[in-house]
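Shown next, in structure tokens, is the structure this report addresses.
The values are calculated or read from the model by the stated rules, or taken from the named source; none is laboratory data. Since the model is a prediction, treat every value here as computed from it, not as a measurement. Heads up, the Cβs are rebuilt from the backbone with ideal geometry, glycines too, and the neighbour counts pull from every protein chain shown. For accessibility, only protein heavy atoms count, side chains too; no ligands or nucleic acids. Shrake-Rupley method; radii C 1.70, N 1.55, O 1.52, S 1.80 Å.
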Amino acid sequence: QVQQAGGVPNLNNQQQPSMLPPGVPQGVVPVDPIAQQQQEIQNSINSVSPYDYKYVFNNSSVGMAIASMGGAFVDCNEIFCQLSGYTREEVCSMTIFNMTSRDDLQHAFELISQMITPQADNNQEKPNSIVLRGAMNKRDDLGLSISLIKGEHGIVKCFCITLVKILSVSSQADTVAYEMELPR
């Protein structure tokens, strides 16, 4: 097989039309730089790096935060800070429970406990996300949508918290109507 830098071997051993640039031996198919660049672009579009996730998190139009399995906030985006009225440092010194309405605290402990406890009975449905009324700085219309984030093999890693606008609270303790609030 003949191979030259910038080309790939002709594995078919079939006669190629002689449209090769001068100096490229017969049996070598030159690599099309435009096709190669398009393939690299397509590969980069189909893959997402950890940097990309951080970029999406920080530039999202939705207030988002990450909390440890113990409920302590680890990080939040700027929109989360703007809507909640807390700085990033203040948020990261708090827990999910600090931002939960006192009226929902007991219910929050129960629901989060259900979320993180391994399921013993396969018939019992376990929540993957919950919505709680919030206790934000100067905002009583916001709540927390708390979702469980699992990694490889279904292992629980952390919580994703999204700020939502509370529209109404039902007479049932676990029913809250909400909508996403976008910054103005």
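Evaluate the distance, in nm, between pseudo-label points positioned 7 Å from the Cα of residue 35 and of residue 75 along their respective Cα→Cβ axes.
Roughly 4.0 nm, to one decimal.
Using 0.36 nm per residue of separation minus the Cα-Cα distance, give me the extension gain between residue 160 and residue 129 in nm, one decimal.
10.2 nm is the gain from fully extending residue 160 to residue 129.
Counting Lys and Arg as +1 and Asp and Glu as -1, what is the net charge of the other residues whose Cβ lies under 11 Å from the Cβ of residue 148?
+3
Could you rank 61, 147, 84 by how accessible they are, 1.4 Å probe, largest area first?
61, 147, 84
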